[in-house]
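K.L.:
Have a look at the structure that comes next, please.
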Amino acid sequence: MMERKELRRVTALTLVLVMGFVSGCEMKSRLMSPIDQEHLASVPPPYQISWTMHQNLPVPENADMIRYLEDRFHVDLDMWNLENNRYEALIDMKLAQGAIPDLFRIRQTQDLLKYQRQGMLAEIPKEMLEKYAPNIMKAIREFAPAYQDYGKIDGKYYGIPVINATNIYRIPVVYRKDWLDRLGLPVPQTLAEFEKVIYAFANEDPDGNGRKDTYGLSIEGMNVVFGAFGQIVFADQLYFNVKDGNLVIGALQPEMMEALQYLRKWYQDGVIDPEFITGENKGGYKHLSHAFINGRIGMTSMGNYYHWTQNGDYMQWNTSGEESPVEATFNVKELTAKHPQARIQFGQPFSGPDGKRGSKAYDMLMSFTAIGANAVKEPGKMEMILSILDYVSANPDPDIRTSMIQGVQGKHWKWADDTKKDFIVLPPYENMFSYQNKIGANIGMVVPSKPTARREQWASTLGLEQDGIYNALEIATPSLIKNRTELTKLKNAAYFSIITGEKPLEHFNDFVEQFMAAGGAQVLQEANEWYHQHARE
């Protein structure tokens, strides 16, 4: 830690000047003499603040933006490097060892109540939020007013709601266009047309290799089948829907028997990937469908719209300051690297027998940002945490706001033009995976706003604002916390056994009874109590 402090003393003035920020607070910092700067750097920070965030890569201790914030606020930031794919397991391990982060990212919304009941969270007084995080609170009031009180438990604030405005776009439905073209098939609009397509994908050698080694779909595509009957089944949470004025659990609805009847027949006929139970992703970045990338299946509904960008889908600014076609991303990039001739096609969710259609959509309420219980033991620490959080998450100055996400202006990024609407990531960072983690940027929370970026404009042209099936229960109840793991296992086991033919279709009725007896009835009761108290127009 001493080596880090010495480094901070050397870089304190230099880094502030490099940042080039022009707000009033920054100007005050710039006007400090070198003697003042040296004195400030020599005084031990009054607070060491442990901080959790979304991470794909570890944040180095000497990361540029962490050093900047430490010098700006005169604190010592302790970034907990918790891999996003294993975040809950890793944070629970820390908590079991007696460590509680001061800035506590709660990735799964249902965990807010769990951690509050475990005594891990501090109450955040409303007046303190308004005073020290005014820009965050303003954004929530302006763009997501219905969610203002979602972080309350028993009338007290324990979590700041993290609202992702881009979740108005549902998960896309994706096909191998080159397979459709080879077989002379259109993008299906109905369940019957979809059935014809997936049988052709499985039986008519769409990749032209002379072997019967392709399938129609795997587990993520099944949700579009369930969506044709109005529900979502396979997800990392139980999906609730509104039916006759009450909440119901989608996986328990009788119309799922009809959907299962299709799926078990397709599985028996060799149309469904026999490895569907283990999922489409085989490790690494969680939004990649390796079954699709490897040419095993011809349809999926995995990953978000920005995981499926093709070359030229929209225009963006390049590092030379010119507009150029966007390049392929994630799933498409991986797919064409393996199969250069491959192309994809977005499709509308196909309609079922009663005209219903839909694909899975992520909750607008994405997560919570909380303050760890130990932070209140040091006077003024909570105020400091909220001030830093507001500064890095919702700064009204566009230069500062963008720098807090992208890094040092002029080094990591620059504005595309004088309007300050678009920015350009500079070489070599534009080709670095999660370079923000490497430089310690983007440590704040997502605040709601109106989606206006070119990527989101492109998503709108795809019609992704329609036909999304959202979870009607966006929070946790006590019984859901207690029973969700076992209920989810029970649901998956029953669905898998029916689809594979291990159990008859009639087992569905036994499953519903078992589910309700295993805590499902209490979960449903509490969910409806919450819904009728908070239901909004």
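K.L.:
Does K356 satisfy the criteria of being out of contact with any strand residue (DSSP E or B) (no Cβ under 9 Å at 6 or more places or on another chain), among the basic types (K, R) and without any contact (Cβ under 8 Å) to a residue 60 or more places away in the chain?
P.N.:
The answer is no for K356.
K.L.:
Hey, K196 hits all of (1) in contact (Cβ under 8 Å) with a residue 12 or more places away in the chain; (2) within 17 Å of P349 (Cβ to Cβ); (3) surrounded by fewer than 19 Cβ atoms within 10 Å (Cβ to Cβ) but one; which does it fall short on?
P.N.:
(1)
K.L.:
Would you pick out the residues in region 424-463 that are farther than 30 Å from D76 by Cα and part of a strand (DSSP E or B)?
P.N.:
Within region 424-463, I424 is the sole residue that qualifies.
K.L.:
With (1) of a type in the set (A, V, I, L, M); (2) closer than 15 Å to W51 by Cβ; (3) in contact (Cβ under 8 Å) with a residue 60 or more places away in the chain as the list, and M120 as the residue in question, which single condition is left unmet?
P.N.:
Unmet for M120, out of (1) of a type in the set (A, V, I, L, M); (2) closer than 15 Å to W51 by Cβ; (3) in contact (Cβ under 8 Å) with a residue 60 or more places away in the chain: (2).
K.L.:
Suppose the filter is over 30 Å from S301 (Cβ atoms), in contact with a helix residue (DSSP H, G or I) (Cβ under 7 Å, 6 or more places away or on another chain) and in a loop (DSSP other than H, G, I, E, B); does P379 pass it?
P.N.:
no
K.L.:
Kindly establish whether G463 is more than 19 Å from the chain's Cα centre (by Cα) and of a type in the set (G, A, S).
P.N.:
For G463, the condition - more than 19 Å from the chain's Cα centre (by Cα) and of a type in the set (G, A, S) - is met.
K.L.:
Okay, next question. Based on what the data block shows, is K356 farther than 30 Å from P254 by Cβ and either outside any strand (DSSP E or B) or not assigned by TED's automatic domain parsing to the domain that holds L113 (or both)?
P.N.:
No; evaluated as a whole, the condition is false for this residue.
The values are calculated or read from the model by the stated rules, or taken from the named source; none is laboratory data. These figures come from a predicted structure and were not determined experimentally. Cβ: placed from backbone, ideal geometry, glycine included. Neighbour counts: every protein chain shown.
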